[in-house]
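Colleague: Mind having a look at this structure? Questions to follow.
The values are calculated or read from the model by the stated rules, or taken from the named source; none is laboratory data. Just so we're clear, the structure is a prediction, and the values are computed from it rather than from any experiment. Side chains are part of the model used for accessible areas, which takes the heavy atoms of the whole protein and leaves out ligands, DNA and RNA. Shrake-Rupley method; radii C 1.70, N 1.55, O 1.52, S 1.80 Å.
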Amino acid sequence: MLKNILLVGIFVVLLGCGRHGNGYDGWDENYVETGTGVTMWLPKKMHTRMYYSSVVEDYAKTCGQSQYLDINLLPEPQDVYKDDADGVRTYAFCSTFSVHEGRKTKLNSPDMNRTVYHDYIFNVMMNQKGEVLDCDYIYSESTTDSPISNEPFKLPILIFK
């Protein structure tokens, strides 16, 4: 009985963890970064661009430098956007890639496969002439460890009678 109560308690605590906003992936749709005050628009149905490598880190370095903005950060037809009263159009999209760091061995515990997920979310602001006015991005990282079985793979043996 006590075990069940503890499991329910742990489940309730885990439900409270994480993001619970109404925007993309649980973020608040109008996200304000604490410390810097950078405001980002994170709509729920944002397009994800898959680059399959860390090249997006280089793209992010050009963000905020409108005269040197990487061509891969320019809006695509499937990107969502909103128009401000000033005639500024804000495009929002994200890029996700993962890095498999391989086997991690810990003392007195099973070996683990570690995967690190990198998420970049971009806002590109353009005027009515199509000129880039500004670019902002936020970055988040998450890690997943999955246990590795040291037992060899065995095919099941079926016996029919």
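Colleague: I'd like to verify a number: residues in the stretch 128-146 that are of a type in the set (D, E, K, R) and not in a strand (DSSP E or B), how many? Outline the logic, then answer.
Modeller: Pass one, the stretch 128-146, residues of a type in the set (D, E, K, R): 129, 131, 134, 136, 141, 145.
Okay, now just the ones that are also not in a strand (DSSP E or B), so 129, 131.
Residues that pass the stated criteria total 2.
Colleague: Still on this structure, please answer the following. How do the strands (runs of 3 or more DSSP E) wholly within the stretch 23-98 filter down when requiring 2 or more residues that are more than 18 Å from the chain's Cα centre (by Cα): which remain? Let's see the steps before the verdict.
Modeller: Details: elements: 30-32, 39-41, 47-49, 80-83.
By residue number, 80-83.
Colleague: Which residues, taken from the stretch 73-101, are open to solvent by less than 30 Å² (accessible area, probe 1.4 Å) and of a type in the set (Phe, Trp, Tyr)?
Modeller: Answer for the stretch 73-101, where residues must be open to solvent by less than 30 Å² (accessible area, probe 1.4 Å) and of a type in the set (Phe, Trp, Tyr): Phe93, Phe97.
Colleague: In the stretch 57-72, how many are of a type in the set (Phe, Trp, Tyr), open to solvent by 30 Å² or more (accessible area, probe 1.4 Å) and more than 13 Å from Val132 (Cα to Cα)?
Modeller: Here the count works out to 0.
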